[in-house]
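Student: Please see the structure below; I have some questions.
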Amino acid sequence: MNHMLTFAMLALLASAAAAQPIDKSEIHVSDGDTISVRGKVYRLVGFNTPETFRAKCAQERALGVKADRRLRALINAGDLDLTEVRCSCRPRTEGTQRCNFGRSCAILKAKGTDVGQTLISEGLAEVYPCSATRCPKRRDWCGHG
């Protein structure tokens, strides 16, 4: 699926929910696609970054660290909006460990642009188009096929 189409779908989904301006001091970055805001943990949707803590190889960890640093830089630049969205989980599992490990889902925009779109354009993330109830298999960042 075209990544611009994916972000257009996310924008439509987000338009149903109200974007909330948020100060950079309220955000804690866990990794390139997970943040905490006022104690609530969010999986940012529409993109996937390499792992840092559970990386399968040094290459994945190094790229994950770059994605993490870039997300922090985007946040530190300010002008942020956070929109909570429904997670792509099976019915009656949202908010549980069986759905995103209990994380909520959101879209974070910096200066009007989805941070995922920026990370993808810079080669630090992949498009991650989930359906209403499930997400695709994650990329092997180590090049093992």
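Student: Add -39500 (n - 2.57) for each DSSP H run of 4 or more in the chain, then divide by its residues: what number comes out at 222 nm, to the nearest 500 deg cm²/dmol?
Tutor: It lands at -9000 deg cm²/dmol.
Student: Using only the alpha carbon atoms of the chain, find the Kirkwood hydrodynamic radius as the inverse mean reciprocal pair distance, in angstroms to one decimal.
Tutor: 15.3
Student: So what is the accessible area of the stretch 42-145 per residue, in Å², with the probe set to 1.4 Å?
Tutor: 54
Student: Then there's this: Once you charge only the Cβ atoms, +1 for Lys and Arg and -1 for Asp and Glu, what is the size of the charge dipole of the chain about its Cα centre, to the nearest 20 debye?
Tutor: Rounded to the nearest 20 debye, it is 480 debye.
Student: Here is a further query. Can you give the FRET efficiency to the nearest 0.05 for SER121 and ARG92, using r as the Cβ-Cβ distance and R₀ = 41 Å?
Tutor: Efficiency for this residue pair is about 0.70.
Student: Keeping the other protein chains in place, figure out the carbon and sulfur percent of the accessible area of the chain, with a 1.4 Å probe.
Tutor: Ligands and nucleic acids excluded, carbon and sulfur reach 53 percent.
Student: For CYS142 and ASP23, FRET efficiency with R0 = 35 Å and r from the beta-carbon atoms, rounded to 0.05?
Tutor: 0.45
Student: Using the basic label-point model (7 angstrom from Cα toward the beta carbon), what is the SER30 to ALA62 distance in nanometres?
Tutor: 2.7
The values are calculated or read from the model by the stated rules, or taken from the named source; none is laboratory data. These figures come from a predicted structure and were not determined experimentally. Neighbour counts are summed over all protein chains in view; Cβ atoms, including those assigned to glycine, are modelled from backbone coordinates with ideal geometry. Ligands, DNA and RNA are excluded from the accessible area calculation, which covers all protein heavy atoms including side chains. Shrake-Rupley method; radii C 1.70, N 1.55, O 1.52, S 1.80 Å.
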